[in-house]
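Some notes on the structure that comes next.
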Amino acid sequence: MTLDELIVYCAGKPGAEETYPWGEAELVCKVGGKAFAFIGLDLHTVGLKCGADAEAASVWRERFPGDVTVSGYVGRYGWNTIALKGSVPDDDLLELVDGSYEAVVARLPKGRRPAV
C-alpha cells in the first residue's frame, strides 16, 4: 500500500479529519477530536492502536518483526508503528486501520460519534 492510498483510506472514514499538529512531517487522522492514525509522511509509517495494551499489540510485533514496532510515548496503550513498505500485507494493514478507528470511535461520547 502506498502512502497516498493509506491517506485516502483514512480520510474516507466517517467523520475523519486530517490534522498536522507537529508540522508537515506527520499527518494525524482524527475522529471526534481523537487520533486514530499517526502517518509519518517522511518515514512512510503509520501508528495505529493495535490492542488494548502493549501486550495485546505485541502479537503484531511478533508476527512482523522489524516492520511493526512499539510506538513511542503511546506504545503502552496498545499503539504500534507499521512500516508501509515492509512485510505487512495490505489486507492486514487495512484491518489494523479499521480496528484503530473503531476502537477510538467506541470510546467517544455518543454525541461525538460520526453518523454511519
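The values are calculated or read from the model by the stated rules, or taken from the named source; none is laboratory data. Small disclaimer: the values here were computed from a predicted structure and weren't measured. Glycine gets a Cβ as well: all are built from the backbone with ideal geometry, and neighbour counts include every protein chain shown. Ligands, DNA and RNA are excluded from the accessible area calculation, which covers all protein heavy atoms including side chains. Shrake-Rupley method; radii C 1.70, N 1.55, O 1.52, S 1.80 Å.
Things worth noting here:
- Selected residue (only one of Leu93, Leu48, Leu43, Leu84 is farther than 19 Å from Lys13 by Cβ and aliphatic (A, V, I, L, M)): Leu43
- Count of residues meeting criterion [farther than 16 Å from Ala103 by Cα and either under 14 Å from the mean Cα position of the chain (by Cα) or aromatic (Phe, Trp, Tyr) (or both)] in segment 70-90: 10
- Scope segment 96-113; condition open to solvent by 30 Å² or more (accessible area, probe 1.4 Å), part of a loop (DSSP other than H, G, I, E, B) and closer than 20 Å to Ala11 by Cβ; matching residues: Arg113
- Within segment 76-95, considering residues that are farther than 14 Å from Ala35 by Cα and either in contact (Cβ under 8 Å) with a residue 60 or more places away in the chain or assigned to a helix (DSSP H, G or I) (or both), the one most open to solvent (accessible area, probe 1.4 Å): Arg76
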